[in-house]
Ligand code: GCU
């Protein structure tokens with residue numbers, strides 16, 4: 001295929017992707033919903049036998065796919081009929097939830113599992129619309145209702161929805177979902193990661209009922225350049241949007257703003273506000289915001305604040321703030337596997353607060369919406385990250401579209417959350433031209449979609465002018481970000497803890513510095529001399545020496561050490577110590593705090609901004 005044709009195809013794919021993702025319904029939890037959580041039937045299908053015929057042609061691209069296609073949920077119609085599967089005789093699996101931690105035989109499984117949920121639906125009298133909404137499913141998801149393909153979603157950590165208004169019946173609907181968590185070289189993330197590849201419908205599934213012309217999306221935030229004004233837009237979705245009127249109300253501020261939809265489906269607005277209580281970590285004040293049309297009313301709780309930088313300072317509501325943080329993976333602190341519930345989020349954020357944090361780095365992918373909504377309530381600032389992790393296929397245009405699509409879904413979902421202050425483009429990616437171009441495009445896309453937040457990424461660092469005792473940031477992407485961040489492992493991967501006493505850092509850019517990671521592994525309960533690796537004393541000593549080293553960086557504005565809790569990783573196989581767990585947590589997987597937890601806690605307790 002000639003180059004131009006490939007380019008046109010890539011553009012078409014990106015448009016299709018963009019148009020599909022632009023249909024995301026925001027504020028999904030506060031709409032008229034019917035939960036489909038609970039027990040689903042499942043079939044393990046490593047050869048994708050329910051998806052491809054024996055000539056490896058997808059059944060869903062054939063006129064009459066026949067009984068072999070699992071999405072038809074076929075049943076024999078006569079004793080002689082040949083049907084070689086039956087969802088209803090299979091075992092149950094819980095949704096939401098990864099399959100690895102629910103089924104022993106699936107702990108390491110990477111491949112396809114089919115899910116089936118049957119449901120009845122009372123079709124409302126009033127004309128409306130119906131969507132199937134998935135908060136997340138890892139990694140490639142194909143969704144079918146009553147044998148019809150609704151669509152495909154790629155990406156394991158962001159929401160998506162499909163309209164089912166014209167397909168749903170009163171009785172015996174069957175929603176069939178094919179989830180394939182195989183890692184892919186050209187995926188986002190790529191083949192290698194330092195976390196468990198949890199597969200499945202890992203977050204909530206619900207039906208969302210909307211009016212015929214509904215409020216699909218809105219962005220309501222303080223004007224980044226004028227904190228006496230709230231601005232944004234509202235997007236309507238429907239056939240009769242023209243001429244609609246939308247009213248935005250913030251009752252406590254006695255604001256009522258009318259917006260008329262002339263031609264487009266999106267309308268911008270700006271309104272002046274007085275006596276606004278700014279959202280902050282000390283006072284995470286949320287306002288009830290009402291968005292009304294003649295057909296429906298949506299309610300949300302939104303905090304208003306500004307976030308910015310000035311030289312090497314991070315400014316929250318124009319005041320410098322030091323980010324006392326911790327990195328967190330999305331694993332449940334209450335059971336094994338992916339976190340997804342409010343209870344999971346509450347426990348993790350309570351541990352972070354107990355540690356003395358006012359900030360969390362949600363690594364290395366978008367966490368569930370409960371985390372950011374709870375952070376809004378608790379006054380905890382948030383770094384959210386797109387899973388552009390390690391060595392991505394930078395030259396692959398579809399890979400870039402995938403990265404941009406996942407980032408757009410994250411921004412769409414969380415752009416009204418005051419707690420979210422940083423969008424991270426990537427983690428520990430190599431400083432090569434194709435990556436620099438890839439990330440630069442992502443950063444540009446992000447600024448266009450959300451000019452109100454800061455951009456960062458865990459950047460590369462190296463010896464300063466070849467001097468092994470001076471470290472500096474060595475990464476052209478440092479010119480593109482608002483906040484400089486990097487992971488450093490002096491004392492763990494790079495020498496021993498005493499090396500921290502010999503290193504100084506020279507940051508040449510006049511921007512704030514966040515240390516996005518440092519840490520050491522320790523098996524909780526293993527004690528010994530501080531020079532014995534894997535003891536709690538070794539980890540404790542590394543924290544003491546690292547904090548002393550980092551304190552000397554005059555532009556440092558915060559930390560998010562690696563990591564709050566031990567987490568599962570197939571890379572970590574040391575017998576008696578790791579056995580499938582990365583042990584850099586300050587808390588063990590059974591909730592026991594290690595000695596280093598208290599070192600960081602003391603450091604944060606005594607950390608006044610001015611230091
Ligand atoms: C890297 C990476 C983490 C990883 C950590 C480690 O910096 O960002 O994802 O888990 O180091 O090696 O423990």
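We did not get these values from a lab; they are worked out from the coordinates using the rules stated. What you see is a predicted model, and the numbers here were worked out from it, not measured in a lab. Note that each Cβ is placed from the backbone with ideal geometry, even for glycine, and that neighbours are counted across all protein chains shown.
With a ≥ b ≥ c taken as the square roots of the eigenvalues of the C-alpha gyration tensor of segment 2-210, please select rounded if a/c is under 1.5 and otherwise prolate if a/b is larger than b/c or oblate if it is not? Cα axes put segment 2-210 in the rounded bin. Relative to the longest principal axis of the Cα atoms of the chain, helix 342-354 runs at roughly 10 degrees. Counting only DSSP beta bridges with both residues in the chain, the antiparallel share comes to about 75 percent.
Against the chain, whose longest principal axis comes from its Cα atoms, helix 433-449 is set at around 70 degrees. Between residue 47 and residue 448, the modelled label-to-label distance comes to 4.6 nm, taking each label 7 Å out from Cα in the direction of the beta carbon. Our estimate of slack between residue 233 and residue 462, defined as 0.36 nm per intervening residue step minus the Cα-Cα distance, is 78.1 nm.
Listed by Cβ neighbour count within 10 Å, with the fewest neighbours leading, 152, 399 appear as 152, 399. According to the square roots a ≥ b ≥ c of the eigenvalues of the Cα gyration tensor, what is the shape class of segment 323-605, taking rounded for a/c under 1.5, prolate for a/b larger than b/c otherwise, and oblate for the remainder? Judged from the Cα gyration tensor, segment 323-605 comes out oblate (a/c at least 1.5, b/c at or above a/b).
Ordering 394, 40 by the number of other Cβ atoms within 10 Å of each residue's own Cβ, fewest first, gives 394, 40.
The calculated FRET efficiency for the pair residue 501 and residue 342, based on their C-beta separation and a Förster distance of 51 Å, comes to about 0.70. For segment 67-121 and segment 540-577, compute the distance between their C-alpha centroids and round to whole Å. Going from one Cα centre to the other spans 42 Å. Averaging the Cα positions of each part gives two centres, and for segment 294-317 and segment 233-285 these lie 13 Å apart. Here the gap between residue 283 and residue 245, fully extended at 0.36 nm per residue and compared with their Cα-Cα distance, gives a gain of 10.3 nm. A simple packing score, the average count of other Cβ atoms within 10 Å per residue, orders the peptides 413-424, 534-545 as 413-424, 534-545, with the highest score first.
Nearest 0.05, what FRET efficiency do residue 264 and residue 166 give at R0 = 30 Å with Cβ-Cβ as r? Efficiency, from the Cβ-Cβ distance: 0.75. For segment 307-353, what does the alpha-carbon gyration tensor say about shape, rounded, prolate or oblate, given a ≥ b ≥ c as the root eigenvalues, a/c under 1.5 as rounded, and a/b over b/c as prolate? Prolate, because a/c is 1.5 or more and a/b exceeds b/c. For the chain, the mean residue ellipticity at 222 nm estimated from helices alone is -5500 deg cm²/dmol, where every DSSP H run of n ≥ 4 contributes -39500 (n - 2.57) and the total is divided by all residues, rounded to the nearest 500. In summary, the convex hull built on the alpha carbon positions of segment 111-181 has an orientation-averaged projected area of 4.6 nm². What do you get for the angle between helix 369-378 and the principal long axis of the chain? Use alpha-carbon atoms, 0 to 90 degrees, nearest ten. The angle comes out near 50 degrees.
Of interest is the spacing of the C-alpha centroids, which for segment 431-473 and segment 129-164 amounts to 33 Å. Shape summary: the chain maps onto an equivalent ellipsoid whose semi-axes, from the alpha-carbon gyration tensor, are 40, 32, 23 Å in decreasing order.
Label sites at residue 317 and residue 272, each approximated as a point 7 angstrom past Cα along Cα to Cβ, lie 2.2 nm apart. As a rough guide to protection, the peptides 596-604, 502-510 ranked by mean Cβ packing within 10 Å, highest first, stand as 596-604, 502-510.
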